[in-house]
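The values are calculated or read from the model by the stated rules, or taken from the named source; none is laboratory data. Everything numeric here is computed off the predicted structure, so don't read it as measured data. All Cβ positions, glycine included, derive from the backbone under ideal geometry; neighbour counts span all protein chains shown.
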Amino acid sequence: MESLTLPRLRESLPARPMLSHGDDIFIANISFRTELEGHLSFPCRFDGVICLYCVQGSFDLQIGLDSYDVQRDCFAVSLPEDILSFSWKREAGRGEVTLMALSEKMLQEMEFDRLGALYAFRCRMVKVDTRTMILIHNFQNIFRSVAGDRHADLTRSLGYLLRSMSIELTHIWERIADRETLLRQGRNPLTGQFLALLSRYHTEHRELEFYSGRLGLTPKYLSAAIKSDSGRTAPEWIVEYVMMEARYYLKHTSLSVKEIAWHLHFANQMDFYRYFRRHGGMTPSEYRGH
């Protein structure tokens, strides 16, 4: 699946960024009075990180397998490899969000810990309190001040600042993360570690042995531990992630079934056909036309 780049995301928004630094970062305030016909209104994958803060209104947010009802003072994070879509609820009245996007290059500059972030932000949205709102506002002011200097080491300075912000956000998530989503995905750190690996590698590895090996456990122990904590076995989680990816390709791309099988690392088209029908109850072609 082709990832959406920061320039393409920026160009699709109905408002010019109020702060930007090349193709590495931008912050934009967006008001919704008509439907947003941009990239985020249909499932897509961004190659960096998106932070979204709801100032006013109500929105539907889908990230991976989870759906969120975004209301005022909700803060959401989309990580690299996430499939997401975002739509405004017109009936709720005028909507307004602040959106910050960071490129892959900027993530490297700030030494972004992908697997650590996948675990820390396994619940992608929280409703923030006054303390957090002040923190976000202060960081935004610092960004504006630093970016205005335009000195030679600006990218590095922004990287340090973003790293500091990510540490603070991690602590916020630990304190006020959505309990229902955490219950769904379990409270055992092992579950978070497994889901972080799965989110990153599910298009390449469907075998339980890969994940148990990375975690230094036996497949039987890992599956039982995940089942006890989350209500699903490890293989069931693997299937859910792979099927999510397959359904995206079938519904939102023009790739042939053979090409989708190749992208998902199936040995051949027939193996993908059998896998999809066994777990989805219909063939890939039937699902695409459904």
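At a glance:
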read-out: Per-region count, the stretch 30-61, residues part of a loop (DSSP other than H, G, I, E, B), modelled with pLDDT of 85 or more and over 15 Å from the mean Cα position of the chain (by Cα); value: 2
read-out: Glu240 vs. criteria acidic (Asp, Glu) and without any contact (Cβ under 8 Å) to a residue 24 or more places away in the chain; value: no
read-out: Tally of residues being surrounded by fewer than 17 Cβ atoms within 10 Å (Cβ to Cβ) and either of a type outside the set (D, E, K, R) or within 28 Å of Thr253 (Cβ to Cβ) (or both) across the stretch 67-84; value: 3
read-out: Wholly within the stretch 176-222, helices (runs of 4 or more DSSP H) carrying at least 1 residues that are touching an Asp or Glu at 6+ places or on another chain (Cβ under 8 Å) and either of a type in the set (Gly, Ala, Ser) or modelled with pLDDT of 90 or more (or both); value: 189-201
read-out: Top-ranked residue of the stretch 62-108 - restricted to ones that are part of a loop (DSSP other than H, G, I, E, B) and closer than 23 Å to His202 by Cβ, ranked as modelled with the lowest pLDDT; value: Leu65
read-out: The stretch 121-131, subset surrounded by fewer than 21 Cβ atoms within 10 Å (Cβ to Cβ) and of a type outside the set (Lys, Arg), residue nearest to Phe46 (Cα to Cα); value: Val128
read-out: The stretch 261-283 residues that are on the phi < 0 side of the Ramachandran plot, paired with ones that are of a type in the set (S, T, N, Q) (beta carbon under 6 Å, 6 or more apart); value: Ala261/Gln269; Leu264/Thr203; Arg277/Thr283
read-out: Failed criterion for Ala120 (all others in (1) among the hydrophobic types (A, V, I, L, M, F, W, C); (2) out of contact with any Asp or Glu (no Cβ under 6 Å at 6 or more places or on another chain); (3) at pLDDT 80 or above hold); value: (3)
read-out: Answer from Val146, Val128 - the residue that is modelled with pLDDT under 85 and touching a helix residue (DSSP H, G or I) at 6+ places or on another chain (Cβ under 6 Å); value: Val146
read-out: Hits in the stretch 150-165 (condition: of a type in the set (A, V, I, L, M), under 15 Å from Lys105 (Cα atoms) and under 20 Å from the mean Cα position of the chain (by Cα)); value: Leu162
read-out: Flag for Glu209 being of a type in the set (Asp, Glu) and under 19 Å from Leu195 (Cβ atoms); value: yes
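Yes or no, residue by residue, for (1) within 22 Å of Val126 (Cβ to Cβ); (2) touching a helix residue (DSSP H, G or I) at 6+ places or on another chain (Cβ under 8 Å):
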position	(1), (2)
Pro43	no, yes
Cys54	yes, no
Ser58	yes, yes
Cys74	yes, no
Ser87	yes, yes
